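This report concerns only the one structure given below.
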Amino acid sequence: MPEPIVSLNEESLKADLRELVRRTVEEMPDGLLDEEADDLVGAERYERTAGREAYRAGHYERKLTTTSGEAAIRMPKLKGMRFTTAIIERYRRRETSVEEAMIETCLAGVSTRRIEDVSEILWGSSVSAATASNLDEKAFASVEEWRNRPLERAYPYACVDGIYLRRSWGGSYENVAVMVAIGVNDDGYREVIGAAEGYTESSECWREFLSWLRSRGLRGVRMLAGGKAAGMVGSIAEVFPGAAHQRCTARFYRNVLARVPKSKWPRVAAMPRAIHAMESREAAEAKALEVASELEASRLREAARVVREGFAETLTYTRFPREHWRRIRTNNAIERLNREIRRRTRVVGTFPDGNSALMLVTARLKYVAESEWGSRRYLDVTLLEEAHREAGI
């Protein structure tokens, strides 16, 4: 005899669970609110005592939007005093998780009209355009506060980069740079330490950005990794004169390959990487000259010139503990953030103004920084201190 087959209707089960949660949300606060009202009155229902301070006057319904739908809460009415409760804040019409989800929707660049439709679909209750705008302001204030927070620790290593977004500018659409900085603090954890808008990655923009970081308390920087842009390199030397500059080795490889025909990429790709596989700076310098000679022998003079002129600035990491080399010689840590920024900003396309672009980028950086990305130890910074003590620095 075949065994009976049991099948479940998942949609029906989810609907039943949502209804169960919604009813629980309604019933639990009702009992708590009645008990709180009895404590305020000083007597139970229909009790006549000399010490009572007010009288019960029935209930009124109050709507509360939750993630399981709209619930009707029975709020006690009192005669002789105002009923206040800590269970549900006054004028609150939505569960906190619902508000947080709506704020994230605002920061994702969704229009207020879309938010009305989405809230109706997800929670069974729409919000007005004014409410959505207020949530925008609330979200922007929170993100702006985090963006301008003081930097209270030392950051031995820092990394800066710029990413271009499209925004409206004086009636036309142009690319503008959002400059981002991350740092490894004195405990070895990564932090997003800055994000700001700049019209271009010019010397002036980089100087203002780095000066802004210093004004917020950025200190103790021993090495700052970034690209080779003249504006960035000059600004680092001006604002943080004691910090060494490390050019990203991955970008150095790309610059070399850009001067090589695609047919020769498979043979040439491993050559510049061999420079940074050496165990010492002296060996790396000798290998770089050898690679440049091989490229010249293969009639790749432009690629050889890039290697000769640029390899020295990619070896700054060799001044620091060997255990740190793999992670401090590239911009990989900040490239991961750049990919996350592009993923979220691509759906928006062109931003109406610079503030909305900066807020969305900063909100995403805040989210990533507060996730596992910032909760894992990235480097053992004690090795840096030991190395400097041994060197007498």
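The values are calculated or read from the model by the stated rules, or taken from the named source; none is laboratory data. This is a predicted model, so every value here is computed, not measured. Ideal geometry is used to build each Cβ from the backbone, glycine not excepted, and the neighbour counts take in all protein chains shown.
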- Among the residues of region 198-231, which ones are under 21 Å from the mean Cα position of the chain (by Cα) and in contact (Cβ under 8 Å) with a residue 60 or more places away in the chain? Leu213, Arg216, Gly217, Leu218, Leu224, Ala225, Gly226
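Collect the residues in region 250-275 that are outside any helix (DSSP H, G or I) and surrounded by 13 or more Cβ atoms within 10 Å (Cβ to Cβ), keeping them in residue-number order.
Those that are outside any helix (DSSP H, G or I) and surrounded by 13 or more Cβ atoms within 10 Å (Cβ to Cβ): Arg259, Val260, Ala269.
Output the residues belonging to region 182-229 that are among the aliphatic types (A, V, I, L, M) and out of contact with any helix residue (DSSP H, G or I) (no Cβ under 7 Å at 6 or more places or on another chain).
Val184, Leu213, Leu218, Val221, Ala229
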- Message: With the structure loaded, tell me whether Gly124 is at positive phi and modelled with pLDDT under 90 or whether it fails that test.
- Response: yes
- Message: If Met278 meets every condition in (1) part of a helix (DSSP H, G or I); (2) surrounded by 13 or more Cβ atoms within 10 Å (Cβ to Cβ) apart from one, which number is that one?
- Response: (1)
- Kindly indicate whether Thr314 is in contact with a strand residue (DSSP E or B) (Cβ under 7 Å, 6 or more places away or on another chain) and either of a type outside the set (Asp, Glu) or surrounded by 16 or more Cβ atoms within 10 Å (Cβ to Cβ) (or both). yes
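Conditions tested, residue by residue: (1) at pLDDT below 90; (2) among the basic types (Lys, Arg).
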| position | (1), (2) |
| --- | --- |
| Gly234 | yes, no |
| Phe240 | no, no |
| Cys248 | no, no |
| Pro261 | no, no |
| Arg273 | no, yes |
| Ala288 | no, no |
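For region 159-197, name all the residues that are more than 26 Å from Tyr378 (Cβ to Cβ) and not polar (S, T, N, Q).
Tyr164, Leu165, Arg166, Arg167, Trp169, Gly170, Gly171, Tyr173, Glu174, Val176, Glu197
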- How many of the residues making up region 308-366 are part of a helix (DSSP H, G or I), more than 17 Å from the chain's Cα centre (by Cα), among the small types (Gly, Ala, Ser) and closer than 29 Å to Val176 by Cβ? 2
- Test Gly198 against the stated conditions and say whether it is modelled with pLDDT of 85 or more and buried (at least 16 other Cβ atoms within 10 Å of the Cβ). no
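Every residue, every condition in (1) more than 12 Å from Cys248 (Cβ to Cβ); (2) loosely packed, with under 13 Cβ neighbours inside 10 Å; (3) assigned by TED's automatic domain parsing to the domain that holds Glu197; (4) among the β-branched types (Val, Ile, Thr), yes or no:
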| position | (1), (2), (3), (4) |
| --- | --- |
| Glu309 | yes, yes, yes, no |
| Arg319 | yes, no, yes, no |
| His324 | yes, no, yes, no |
| Ile328 | no, no, yes, yes |
| Ala333 | no, no, yes, no |
- Item | Test for Ala237: is it among the aliphatic types (A, V, I, L, M), surrounded by fewer than 18 Cβ atoms within 10 Å (Cβ to Cβ), within 30 Å of the chain's Cα centre (by Cα) and part of a helix (DSSP H, G or I) | yes
